[in-house]
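Here the structure is laid out as structure tokens; the discussion comes afterwards.
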Amino acid sequence: SSLVQLQSIGKIFPNGVTALRDTSFAVGDGEFVSLLGPSGCGKSTALRIIAGLIAPSNGDVVWRAGAAPKGSSGEIGFVFQEPTLMPWASAAGNVYLPMKLAGVDKSAAMPRIREALTRVGLEAFEHAYPRELSGGMRMRVSIARALVTQPKLLLMDEPFAALDEITRFRLNNDLLHLWAAMRQTVIFVTHSVFESVYLSSRILVMTQRPGRIFADIPIDAPYPRD
Ligand code: ADP
Ligand code: ADP
């Protein structure tokens, strides 16, 4: 069965903008699904509805029995375009945040924090502060923070859009390795055709406003490139 299913989701914002209309799709375990479409077609809105950050105006988000997020995160990791790190906390302190919110104390959380930092190649930087890290490294911390609770679903909203092309390419490659190793279910919002083809096992193409799924394209299972 699907991990999560959007059933005829509509979203009309209070200002009258229709961001989504009759949007339906399902995501299965271990899939890496890209939501691809031009700016303003409703990709972020769909992601925020799945995360429960905003409510749909119509339709339902249906989770597999037992998989629905229970209020305070944990089951869902979210990576935004801006890494939104706390400047006063080290890389480890930032990655700790979701576990802190879950009531785990830091010494108990440290093995998981180190594992998450290692997965993104930052094992040597646990004590570094965000200002000491490059943009790409800050994004890696943000990914580690989203993974530290081992969420069932990782949502990424144009995570690499603000990075330079070289850093972005490296992060794409590392994300592919990470996905191959973890078999983490991912929904990845992008307006880059390259990223969607390079990373995904499936591409959902969205049309310009109001957002609808225009095509659902399976891609040969991607494999990490060396
Ligand atoms: P995308 O992620 O594809 O760029 P968004 O989901 O951010 O698209 O936005 C879809 C449409 O909804 C856009 O026209 C955007 O301006 C509008 N929109 C997004 N968030 C809000 C909001 N909070 N209030 C009003 N309109 C919004
Ligand atoms: P992106 O498309 O890169 O996801 P946007 O520029 O569409 O980002 O939106 C950035 C933020 O501004 C979001 O939090 C969104 O909810 C809000 N927003 C976007 N469009 C509007 C709008 N027309 N009215 C109010 N808030 C908006």
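The values are calculated or read from the model by the stated rules, or taken from the named source; none is laboratory data. All figures in this text were calculated on a predicted structure; none of them were measured in a lab. We place every Cβ from the backbone using ideal geometry, glycine too, and count neighbours over all the protein chains shown. Ligands, DNA and RNA are stripped out before the accessible areas are found, and what is left, the full protein with its side chains, is counted by its heavy atoms. Shrake-Rupley method; radii C 1.70, N 1.55, O 1.52, S 1.80 Å.
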query = Given VAL61, ALA161, SER90, which one lies farthest toward the positive end of the charge dipole of the chain, if we put +1 on the Cβ of every Lys and Arg and -1 on the Cβ of every Asp and Glu?
reply = VAL61
query = How many times 2.2 N^0.38 Å is the alpha carbon radius of gyration of the chain?
reply = 1.00
request  = Work out from phi, with θ = phi - 60° and the Karplus expression 6.51 cos²θ - 1.76 cosθ + 1.60, the ³J(HN,Hα) of each residue of segment 149-154, listed in order in whole Hz, and give x for Gly and Pro.
outcome  = 8, 6, x, 5, 9, 10
request  = Scale the Cα Rg of segment 80-157 by the rule-of-thumb value 2.2 N^0.38 Å and send over the ratio, two decimals.
outcome  = 0.98
inquiry  = Show me the trypsin sites (Lys or Arg not before Pro) within segment 1-78 that DSSP assigns to loop and that have at most 12 other Cβ atoms within 10 Å of their Cβ.
reply    = LYS70
task = Among ILE76, ALA116, ALA51, flag the residue with its Cα farthest along the positive direction of the charge dipole of segment 49-125, charges on Cβ as +1 for Lys/Arg and -1 for Asp/Glu.
result = ALA116
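Quote the charge dipole size of segment 5-117 about the Cα centre in Debye, to the nearest 20; the model charges only the Cβ of Lys and Arg (+1) and of Asp and Glu (-1).
200 debye
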task = Quick one: which residues, 5 or more positions from LEU20 or on another chain, have an amide H under 5 Å from its amide H? H modelled 1.01 Å from N in the peptide plane, none for Pro or chain starts.
result = LYS11, GLY211
task = Amide H neighbours of MET206 under 5 Å, at least 5 residues apart or on other chains, H built in the peptide plane: list them.
result = LEU36, GLY37, PHE214
note = Ranked by GNM mean-square fluctuation in the chain (Cα springs under 10 Å), the top entry among PHE214, PHE80, PHE32 is PHE214
ask   = Once phi is turned into θ = phi - 60°, what whole-Hz ³J(HN,Hα) does the Karplus curve with 6.51, -1.76 and 1.60 give for every residue of segment 96-101, x standing for Gly and Pro?
value = 5, 3, x, 6, 4, 4
Charge dipole magnitude, Cβ of K and R +1, D and E -1 - the chain, Cα centre, debye nearest 20 = 400 debye
ask   = How high is the relative contact order of segment 21-133, in percent, counting Cα pairs under 8 Å that sit 6 or more residues apart?
value = 20 percent
message = With an 8 Å Cα cut-off and a minimum separation of 6 or more residues, compute the relative contact order for the chain in percent.
response = 30 percent
ask   = Starting at 0 and stepping by 10 Å, how many percent of the alpha carbon pairs of segment 18-100 end up in each bin?
value = 13, 41, 32, 13, 1
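Per residue, how much accessible area does the chain have with a 1.4 Å probe, in Å²? Don't skip to the answer; put the middle values down first.
Numbers: 10570 Å² over 226 residues.
Per-residue value: 47 Å².
Report for the chain the percent antiparallel among DSSP-assigned beta bridges with both residues inside it, nearest 5. Don't skip to the end; give the middle numbers.
Working: 16 of 35 bridges.
If I count the DSSP bridges inside the chain, around 45 percent turn out antiparallel.
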Table column - 3J(HN,Hα) (Hz), segment 174-183, Karplus curve with 6.51, -1.76, 1.60, x for Gly and Pro = 5, 5, 5, 4, 4, 5, 4, 6, 9, 6
query = Got a number for carbon plus sulfur as a percent of the chain's accessible area, 1.4 Å probe?
reply = 55 percent
query = So who's got an amide H within less than 5 Å of the one on PHE78, skipping anything under 5 residues away but keeping other chains? H placed 1.01 Å off N, in plane.
reply = LEU155
message = Which residue fluctuates most in the GNM of the chain (Cα springs below 10 Å): ILE49, ILE113, ILE76?
response = ILE49
key: Solvent-accessible ranking of TRP63, TRP88, largest area first, probe 1.4 Å   = TRP88, TRP63
key: Of GLY103, ALA180, PRO151, farthest towards positive along the dipole that unit charges on Lys, Arg, Asp, Glu beta carbons give segment 89-194   = GLY103
ask   = Using unit Cβ charges (K, R positive; D, E negative) and no other charged atoms, how large, in debye to the nearest 20, is the dipole of segment 37-101 about its Cα centre?
value = 80 debye
